[in-house]
């Protein structure tokens with residue numbers, strides 16, 4: 001880690017150092033918010049949550065090797081030094097921004113309404129054959145997670161790949177002020193967080209707050225198939241990717257090898273080359289393209305990029321093909337909005353067997369909620385599924401849209417318990433089954449039930 005000590009942290013945050021003189025200059029080697037993750041040299045950030053107050057675990061963090069805590073209240077009988085600040089969240093953001101300024105190698109920011117986590121993983125994989133990459137892990141893409149991610153950068157890393165997730169106006173600006181990306185990837189402007197952002201133009205406005213915090217020689221890498229992104233002028237160099245011919249780089253001849261691999265040809269003005277990605281879903285081909293662009297920008301050859309993409313592994317709950325010999329099970333429970341559900345249905349439609357989609361509520365869609373749920377049902381009825389199963393308050397509208405558009409085999413369950421009880425009658429041997437809903441619906445409860453069918 002680049003040089004950071006409790007005394008420097010006190011100076012950055014305007015906080016009060018509390019502890020003995022020896023602790024002032026201790027070298028900090030990363031930051032954590034969970035005392036169970038604390039290691040020797042870490043800064044432990046005391047966060048007050050709805051159910052747990054991190055201040056109660058400060059001494060446990062010291063026992064695990066933390067050299068300092070960041071706190072917004074005094075810690076009785078503290079076993080080590082701490083910096084007392086008005087707000088630990090605001091303080092860690094200030095520290096993250098300062099620390100980012102010390103990192104002189106390229107930083108890639110990744111955002112978008114759909115596919116940003118997958119794109120981040122593909123970028124890291126593409127670069128990983130030649131460069132030492134530090135990337136966002138887990139769900140650390142918000143105002144607490146981003147500074148913690150930044151504080152894990154060090155001199156060993158050649159590049160940082162930082163995911164940036166938002167839900168309201170102003171949030172991207174606060175993230176970008178810390179990250180200050182040299183290259184910014186936007187995967188798509190889609191129907192997410194509409195309760196706060198209103199419509200697609202609001203989503204675009206919120207996502208593009210980032211450009212105010214980029215240098216004039218920064219590079220924007222955007223999905224050129226997205227009309228709003230295609231027409232958006234960031235004022236800096238712009239490279240587009242997608243499936244359409246007008247893009248700077250595009251994917252052609254997309255095909256699947258069962259659920260194990262997606263293959264395509266990457267085409268640009270400099271020629272074409274084949275890539276093979278160990279993943280399920282045709283959308284993967286398009287999301288791999290930012291990794292190709294960035295790899296080339298950072299000096300990798302196409303062969304090196306291709307080898308890197310072969311090392312990609314999906315993140316839990318995102319288009320994972322779960323082990324289930326009785327059926328082919330697609331676990332896509334992590335989150336859902338209309339764009340991602342339609343992409344998941346498109347990938348499902350390419351599989352062998354009877355195609356069954358188990359769909360739940362898509363949350364956070366604001367005034368357009370009813371129509372967007374109905375539209376997803378109508379989309380599914382265009383031959384993408386053989387059977388539709390819906391569960392949740394708003395999922396009844398997916399069911400209604402499916403039936404109204406001519407869909408035939410369909411069931412609706414208001415509650416998950418009823419669906420779980422009915423699953424053995426609904427699912428048949430050899431089915432390809434997609435499970436998808438917003439994270440708040442907790443559809444992961446269905447996965448072990450489906451995995452154990454036929455046993």
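Summary of computed values
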{"read-out": "Protection proxy ranking of 9-22, 178-191 - average other beta-carbon atoms within 10 Å, highest first", "value": "178-191, 9-22"}
{"read-out": "Stretchable slack from residue 34 to residue 212, in nm (0.36 nm times residue separation minus alpha-carbon distance)", "value": "60.8 nm"}
{"read-out": "Percentage relative contact order, the chain, counting C-alpha pairs under 8 Å, at least six apart", "value": "11"}
{"read-out": "Degrees separating the helix 369-380 axis from the principal Cα axis of the chain, which is the longest one", "value": "50"}
{"read-out": "Centroid-to-centroid separation of region 318-367 and region 162-206 [C-alpha atoms, Å]", "value": "24"}
{"read-out": "Three-way shape label, region 269-357, alpha-carbon gyration tensor, a/c 1.5", "value": "prolate"}
{"read-out": "Cut-off 19 Å (backbone N to label point 7 Å along Cα→Cβ of residue 426), residues of region 369-392", "value": "373-392"}
{"read-out": "Cα gyration tensor, region 111-163 - rounded (a/c under 1.5), prolate or oblate", "value": "oblate"}
{"read-out": "Footprinting exposure proxy for 168, 240 (fewest neighbouring C-beta atoms within 10 Å first)", "value": "168, 240"}
{"read-out": "Two-site label geometry, residue 261 and residue 276: point separation in nm, points 7 Å out along Cα→Cβ", "value": "0.2"}
{"read-out": "For region 202-274: relative contact order, % (alpha-carbon pairs under 8 angstrom, 6 or more apart)", "value": "19"}
{"read-out": "Tilt relative to the chain, helix 116-127 - C-alpha long axis, 0 to 90 degrees, to 10", "value": "70"}
{"read-out": "Normalised contact order of region 64-179, rounded percent, pairs of Cα under 8 Å and 6 or more residues apart", "value": "29"}
{"read-out": "Segment residue 370-residue 411, extension gain: residue separation times 0.36 nm, minus the distance between their alpha carbons", "value": "12.9 nm"}
{"read-out": "Extent along principal axes [Cα atoms of region 320-451; Å; largest to smallest]", "value": "41, 28, 24"}
{"read-out": "Mean-position separation - Cα centroids, region 382-436 and region 31-61, in angstrom", "value": "43"}
{"read-out": "Helical contribution to [θ] at 222 nm, DSSP H n ≥ 4, -39,500 (n - 2.57), averaged over the chain, rounded to 500", "value": "-9000 deg cm²/dmol"}
{"read-out": "Degrees separating the helix 283-297 axis from the principal Cα axis of the chain, which is the longest one", "value": "40"}
{"read-out": "Least to most buried among 443, 169, 62 (fewest other Cβ within 10 Å first)", "value": "169, 62, 443"}
{"read-out": "D (Stokes-Einstein, µm²/s), Kirkwood Cα radius, region 103-309, 1.567 mPa s at 4 °C", "value": "76"}
{"read-out": "Förster-model FRET efficiency, 22 Å R0, residue 201 and residue 382, C-beta, rounded to 0.05", "value": "0.20"}
{"read-out": "Three-way shape label, region 6-94, alpha-carbon gyration tensor, a/c 1.5", "value": "rounded"}
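Since every read-out is calculated from the coordinates, none of them should be taken as a lab result. Everything quoted here is computed from the prediction, not taken from an experiment. Note that we place each Cβ from the backbone using ideal geometry, even for glycine, and neighbour counts take in every protein chain shown.
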